[in-house]
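Novice: Attaching a single structure in structure tokens format; questions to follow.
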Amino acid sequence: MVVGTAGVTAAMCVDYLQRFGEVQPSHGPVLVTGAAGGLGQVAVALLHARGFEVVASTGRAEALGDHLRALGASDVVGRLQPEPKPLGKQLWAGVVDSVGGATLAAALAQTRYRGAVASPGVAGGGELATS
């Protein structure tokens with residue numbers, strides 16, 4: 001099997017969440033943003049294989065929802081919208097974010113206390129507007 005750069009990066013993100021972020025499947029769902037991309041698809045499959053509940057976020061939820069569920073996502077949602085307040089509802093035990101920008105800011109606002117975020121990409125922009 002050939003995994004390429006996206007696969008290696010996804011594996012490093014999952015390893016980071018577990019080893020350094022101490023995120024475990026019993027802590028709650030893990031969000032994968034940019035889930036329709038190469039890194040996102042591999043991250044969904046790896047997290048699912050490790051027993052995590054995975055929520056996949058993509059701008060192509062309708063077109064690729066069934067594919068992402070087949071990879072192991074328990075739910076597929078559209079793009080995250082920025083939170084109006086600094087902290088939103090705490091939804092995610094962990095996040096693998098390959099989008100950056102406003103998506104990363106929204107994911108950070110929704111990450112649970114003591115949760116972890118691995119963000120190797122900035123496809124959505126390099127700015128991080130948070131308070």
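The values are calculated or read from the model by the stated rules, or taken from the named source; none is laboratory data. These numbers come from a predicted model, not from an experiment. For neighbour counting, all protein chains shown are included, and Cβ atoms are generated from backbone atoms with ideal geometry for every residue, glycine included. SASA here: full protein model, heavy atoms, side chains in, ligands and nucleic acids out. Shrake-Rupley method; radii C 1.70, N 1.55, O 1.52, S 1.80 Å.
Novice: Is there any pair with a first residue in segment 104-131 that is under 11 Å from Trp92 (Cβ atoms) and open to solvent by 80 Å² or more (accessible area, probe 1.4 Å) and a second that is among the hydrophobic types (A, V, I, L, M, F, W, C) and in a loop (DSSP other than H, G, I, E, B) whose Cβ atoms are under 6 Å apart and which are 6 or more apart or on different chains, and what are they?
Specialist: Final answer for the pair search is none.
Novice: For segment 78-94, enumerate the residues that are touching a residue at least 60 places away in the same chain (Cβ under 8 Å) and crowded, with 20+ Cβ neighbours inside 10 Å.
Specialist: Within segment 78-94, Trp92, Ala93, Gly94 qualify.
Novice: Look at Ala45 and say whether it is of a type in the set (A, V, I, L, M, F, W, C) and surrounded by fewer than 16 Cβ atoms within 10 Å (Cβ to Cβ).
Specialist: No: the conditions fail for Ala45.
Novice: Still on this model: Does segment 31-38 contain any residue that is over 17 Å from Ala102 (Cα atoms) and either open to solvent by less than 20 Å² (accessible area, probe 1.4 Å) or free of Cβ contacts under 8 Å to residues at least 24 places away in the same chain (or both)?
Specialist: Within segment 31-38 (the criterion being over 17 Å from Ala102 (Cα atoms) and either open to solvent by less than 20 Å² (accessible area, probe 1.4 Å) or free of Cβ contacts under 8 Å to residues at least 24 places away in the same chain (or both)), the answer is yes, since at least one residue qualifies.
Novice: Which residue, of Asp15, Asp66, Asp97, Asp75, is open to solvent by less than 20 Å² (accessible area, probe 1.4 Å) and among the charged types (D, E, K, R)?
Specialist: Criteria check complete, one pass: Asp97.
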